[in-house]
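The structure appears right after this line, and notes come after that.
The values are calculated or read from the model by the stated rules, or taken from the named source; none is laboratory data. Predicted, not measured: the structure shown is a model, and the values here were computed from it. Here the Cβ positions follow ideal geometry from the backbone for every residue, glycine too, while neighbour counts run over all protein chains shown. Heads up: the accessible areas ignore ligands, DNA and RNA and are worked out on the full protein's heavy atoms, side chains in. Shrake-Rupley method; radii C 1.70, N 1.55, O 1.52, S 1.80 Å.
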Amino acid sequence: MDLNFTPQEEAFRAEVQHFLAEKLPPRTAEKVRTSKRLSRDDLAGWHGILNERGWLAGHWPAEHGGPGWNVAQRYIFDYETARAHAPRIVAFGVNMLGPVLIKYGTEAQRRTYLPRILDGTHWWCQGYSEPGAGSDLASLRMSAVREGDHYVLNGQKTWTTLGHFANMIFCLVRTDPAAAKQQQGISFILVDMHSPGIEIRPIITLDGEHEVNEVFFTDVRVPVANRVGEENQGWTYAKYLLTYERTNIAGIGGSVAALDWLRQVAAQQLQGGRPLAQDPYFAARLARVEIDLENMKTTNLRVLAAAAHGGAPQAESSMLKIRGTEIRQEITSLTRRALGPYAQPFVSEALDADYNGEPIGPDYAASVAVEYFNNRKLSIFGGSNEIQRSIIAKTMLGL
């Protein structure tokens, strides 16, 4: 196994860096760098720029509109875009649903939905979690009763990220409540968010933001043709999708960018008349994060090397999810500590890019507490880290 990039891959890195320097809107990058609010237009604009270049769906094969990149190119692209402070691609359509449709969808579904994911006609959100069915996703209760050529959906989904922006949602629903096991009797269905009977209610999170939602379904009629794969086999497709989600959550490039920013903060903030970076206790914690991040990068490259030879990540995606989220949480914790009392005040308006009020402390301090609190969720969503440890224990250790 060679963990070094080839000359061709390094040339691709230079191509990506040139593209970012030329096409990434500076105002958008500055918003990302300083953790300011991103609008729907910011996200959709970057989506369109990448699609125009043919680089939006990095892991889709060329015949379905992707660039046909190998695993190393995908890694390089994700890494460089994060370091350049590009917005993360909204994952639900491109990184989650797209691969499911390519592998399990009908030809009609691929022709209908894949181009609309790419051109932004469809903005997707994910209908998985329910009250009482989060990490224990198999206990979901939202029902889908077949009536002729339609399913009738009743139930509730929660923690629906960016559901207020979306016009489509993919859902796990229970089509056989009498199934012998919870994982059986679940189907995977695509739903138009404008269907009669759907209601969206905002959930305001700990940081005061509207990012997630509750979605209620009351007698929502969905064509049977919108079911992906076989009836009652949705758990298979859900597991396939979650492998992509958990690997993506690791966010190595984002952690590298956040760590670079933390080093700058620690060099500017003073403690006892000298830079905080020289404080032995803080420096030790910073070094620990750097070591952990380098180890995770190596593990990720091993997964990529295996994938290049036909392997598919299983428990490895759980490993990356655990360590990636823990590292990102530690970075935001250290950043908050580095700013001390300046990280405590919260002025919601200061998260807007055009805010011109008097800052409390450095101009980058406004978002530090928000980032810290928001990132508490990283070790919970996509399957809590405790569940991921159980997966590793079962599949790798045989426990």
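Scan the range 7-24 and give yes if some residue there is at pLDDT 90 or above and touching a Lys or Arg at 6+ places or on another chain (Cβ under 6 Å), otherwise no.
We begin by selecting, within the range 7-24, every residue at pLDDT 90 or above; these are 7-24.
Narrowing further to those that are touching a Lys or Arg at 6+ places or on another chain (Cβ under 6 Å): none.
No, every residue in the range 7-24 fails to be at pLDDT 90 or above and touching a Lys or Arg at 6+ places or on another chain (Cβ under 6 Å).
Checking the condition touching a strand residue (DSSP E or B) at 6+ places or on another chain (Cβ under 6 Å) and either under 30 Å from Phe188 (Cβ atoms) or at pLDDT below 90 (or both), which residue from Tyr244, Tyr237 passes?
Details: Tyr244 fails: touching a strand residue (DSSP E or B) at 6+ places or on another chain (Cβ under 6 Å).
The unique qualifying residue is Tyr237.
Please note which helices (runs of 4 or more DSSP H) are completely contained in the range 1-115 and include at least 3 residues that are within 15 Å of the chain's Cα centre (by Cα).
Values: elements: 7-23, 26-33, 40-53, 71-83, 98-104.
Fully inside the range 1-115 and qualifying: 71-83.
Tell me, which residue of the range 198-217 that is without any contact (Cβ under 8 Å) to a residue 40 or more places away in the chain and either touching a His at 6+ places or on another chain (Cβ under 8 Å) or assigned to a loop (DSSP other than H, G, I, E, B) (or both) is surrounded by the most Cβ atoms within 10 Å (Cβ to Cβ)? Even if it seems obvious, please write down each step before you answer.
Step one: filter the range 198-217 for residues without any contact (Cβ under 8 Å) to a residue 40 or more places away in the chain, giving 198-199, 201-202, 204.
With the extra rule that they be either touching a His at 6+ places or on another chain (Cβ under 8 Å) or assigned to a loop (DSSP other than H, G, I, E, B) (or both), the set shrinks to 202, 204.
Details: Pro202: 13, Ile204: 10.
The selected residue is Pro202.
Restricting the range 319-342 to residues that are open to solvent by 50 Å² or more (accessible area, probe 1.4 Å) and closer than 10 Å to Ala365 by Cβ, which is nearest to the chain's Cα centre (by Cα)?
First, the residues of the range 319-342 that are open to solvent by 50 Å² or more (accessible area, probe 1.4 Å): 319, 323, 326, 328, 330, 336-337, 341-342.
Narrowing the set further to residues that are closer than 10 Å to Ala365 by Cβ leaves 336, 341-342.
Numbers: Arg336: 23, Pro341: 31, Tyr342: 29 Å.
My answer is Arg336.
Within 18 Å of Ile331 (Cβ to Cβ), open to solvent by 40 Å² or more (accessible area, probe 1.4 Å) and part of a helix (DSSP H, G or I): which single residue out of Arg389, Arg376 fits that description? Don't jump to the end; show me each part of the working.
Values: Arg389 fails: within 18 Å of Ile331 (Cβ to Cβ).
None of the others qualify; the one that does is Arg376.
Could you grab the pairs with beta carbons closer than 9 Å, sequence gap of 6+ or different chains, first residue in the range 343-359 and under 18 Å from Leu206 (Cβ atoms) and open to solvent by less than 100 Å² (accessible area, probe 1.4 Å), second one of a type in the set (Lys, Arg) and assigned to a helix (DSSP H, G or I)?
Ala343/Arg336; Ala343/Arg337
In the range 121-169, which residues are closer than 24 Å to Ile387 by Cβ, outside any strand (DSSP E or B) and β-branched (Val, Ile, Thr)?
Once the filter is applied, which keeps residues that are closer than 24 Å to Ile387 by Cβ, outside any strand (DSSP E or B) and β-branched (Val, Ile, Thr), the range 121-169 yields Thr158, Thr160, Thr161.
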